[in-house]
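Heads up: the structure comes next, in structure tokens.
Where a number appears in this text, it was derived from the coordinates with a stated rule and is not lab data. Given the structure is predicted, the values throughout are model-derived calculations rather than measurements. Reconstructed Cβ throughout: ideal geometry from the backbone, glycine too, with neighbour counts over all protein chains shown.
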Amino acid sequence: MPYELWISFRYLISRRKEKFISIISFISIMGVALGVTALIVVLAVMSGFDNDLREKIVGTNSHIIIEKEGGITDYNGLVAEINKIPHVKASSPFINGQALIRQDEQVLGLILRGIDPVREKNVTNIQKYLESGTIEVKKDTVLIGKELSLRLGLKIGDVISLISAADPKPKSFKIAGIFNSGMFEYDMNLVFTNLEGAQAFYATGNVAGGIGVRVDDVNRADSIKKNVQEKIGFDYWVRSWSELNKNLFSALKLEKITMFIILALIVVVACFNIASTLIMMVMEKTKDIGILKSIGADNRSIRKIFMLDGFLIGFAGTVLGAIGGFGLSYLLKTYQFIQLPKDIYYIDRLPVNLELLDSITVIAAAMLISLLSTLYPSWQAAKMEPVEALRYE
């Protein structure tokens, strides 16, 4: 063990004449620990929100959407062509449109989506979200979200009336199933029916509004989208899930960076305490510095002793903070004791996703800030002359 490290460690654990310095050292360690814990937990929650929203959006919609002005007529042929493209797992036609639902005295706006039930199972997670009933919707049956069913008091077998802009006359549909995606916006405002039933409802004829595509890697959807575009031609609009939700995920990313900067200030404040501790330690160890220099220690060694002392304080705080952050994140993820209002946050629980890169970034930032806080005190100690240090001893 280098003697500088041994001396700095002795300085850190030895009983001091000034108890106040020990108290400040303890406060510095706890301050760094608190900052690291807060950073790890907040970033884990932010990552959880990002991943949970991505899962809900991609689960209810497809990875890539293909549309064309005026609709797609030969959608079955186009689906077969798209399925041959590398990394494409499945595709399915759909049609989207707005509708009004009338139930007793209540009238609500919603999105009626016509799907091919057989092919849709392979493109989205709607089958996975099915809570009761069946996904095999027909021309006169629908699949509704759980929130809509609770709002209007609906259950499987009930009949609802839908109105489209194409025909103001209400059309009756029987509820065949209820799904629960966990995202309030979809569970409240999205209704599924058979593709042919939606074509008749909107009076579009044998035309699909678009084709949904599922790929083997959701994170590569943008690059696969380019291959799809080249294959089917530029008469079609091809957009990935990230493009369709660009503003939402950009806002989440900016919020994550902002929270990191704000909470890192806790660590910065704690590191000012480290600097104060070292300055007072230098004043207390003036005699020791003079003796060390008189027996041959150079400025670099003195500087290293006090830098290591501050670094050990920061290291101890970072380790405690990492343990606290990992532990609290595990508890939040396992027991989910914090519930969220779904109509505000779109999801019903506090999501937690502890990412390795975020944790490494927080730990590295805390250690770096701790090390920077030692520069001035250690420089002051190093420039002290032996004669001046021992003059009054």
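Once the convex hull of all Cα atoms in the chain is built, its volume per residue stands at 177 Å³. Electrostatic tally near Trp379: other residues with Cβ closer than 12 Å to its Cβ, Lys and Arg +1, Asp and Glu -1, net +4.
Exposed loop positions in the chain were taken to be chymotrypsin sites (Phe, Trp or Tyr not before Pro) whose DSSP state is not H, G, I, E or B and which have at most 12 other beta-carbon atoms within 10 angstrom. Between these positions, the longest stretch is 1-233. Within the range 161-271, the ratio Rg/Rh, alpha carbon atoms throughout and Rh by Kirkwood, equals 1.15. Near Asn227: Cβ cut-off under 15 Å, other residues only, Lys/Arg at +1 and Asp/Glu at -1. The net charge is +3. Rounded to the nearest Hz, the phi-derived 3J(HN,Hα) couplings of the range 101-110 under the Karplus curve 6.51 cos²θ - 1.76 cosθ + 1.60 (θ = phi - 60°) are 10, 10, 9, 6, 9, 9, 10, 10, x, 7, where x marks glycine and proline. The long axis of helix 299-335 is offset from the longest Cα principal axis of the chain by roughly 30 degrees.
Order these by the 10 Å Cβ neighbour count, fewest first: Leu278, Leu340.
The order, fewest Cβ neighbours first, is Leu340, Leu278.
Quick one: net charge around Ser240, please, counting Lys, Arg +1 and Asp, Glu -1 for every other residue with C-beta under 9 Å from its C-beta.
Combined, the nearby Lys, Arg, Asp and Glu give 0.
Could you pull out the pairs from Lys256/Lys333; Lys68/Lys174; Lys68/Lys226; Lys287/Lys383; Lys56/Lys146; Lys138/Lys225 whose alpha carbons sit more than 21 Å apart here? From the list (Lys256/Lys333; Lys68/Lys174; Lys68/Lys226; Lys287/Lys383; Lys56/Lys146; Lys138/Lys225), the Cα-Cα distance tops 21 Å for Lys68/Lys174; Lys138/Lys225.
Taking Rh as the Kirkwood radius computed over C-alpha pairs, what is the Stokes-Einstein D of the range 227-334 at 37 °C in a medium of viscosity 0.692 mPa s, expressed in µm² per second? Translational diffusion coefficient: 170 µm²/s. Close amide H pairs (under 5 Å, H built 1.01 Å from N) link Asp140 with no residue at least 5 positions away or on another chain. Near Phe179, the amide H atoms lying under 5 Å from its own belong to Glu131, Ile144, Gly145, Lys146; only residues 5 or more places off or on other chains count, and H is placed 1.01 Å from N. Taken over the C-alpha atoms, the range 282-366 has Rg and Dmax values of 22.4, 72 angstrom. Here the peptides 358-369, 29-40 are ranked by packing, the mean other Cβ count within 10 Å, and the order with the highest first is 29-40, 358-369. Near Leu350, the amide H atoms lying under 5 Å from its own belong to Ile338, Leu340; only residues 5 or more places off or on other chains count, and H is placed 1.01 Å from N.
The calculated Kirkwood hydrodynamic radius for the range 85-139 is 13.4 Å, given to one decimal from all distinct C-alpha pairs. 3J(HN,Hα) couplings calculated from phi for the range 26-31 with the Karplus curve 6.51 cos²θ - 1.76 cosθ + 1.60 (θ = phi - 60°) are, in sequence order, 5, 4, 4, 4, 5, x Hz; Gly and Pro show x. Here is the tail figure for the range 61-244: Cα pairs spaced more than 31 Å apart come to 16 percent of all pairs.
Calculated translational diffusion coefficient of the range 258-321 (25 °C, 0.890 mPa s; Stokes-Einstein with Kirkwood radius over alpha-carbon pairs) equals 184 µm²/s.
Structural descriptor for the range 61-244: relative contact order 36 percent, calculated from alpha carbon pairs under 8 angstrom and at least 6 residues apart.
Dimensions of the range 15-108 from C-alpha coordinates, computed as largest minus smallest value along each principal axis and given longest first, are 87, 51, 20 Å.
For the chain, relative contact order (Cα pairs under 8 Å, six or more residues apart, normalised by length) works out to 29 percent.
For the range 185-250, pairs of C-alpha atoms spaced more than 17 angstrom apart make up 60 percent of the total.
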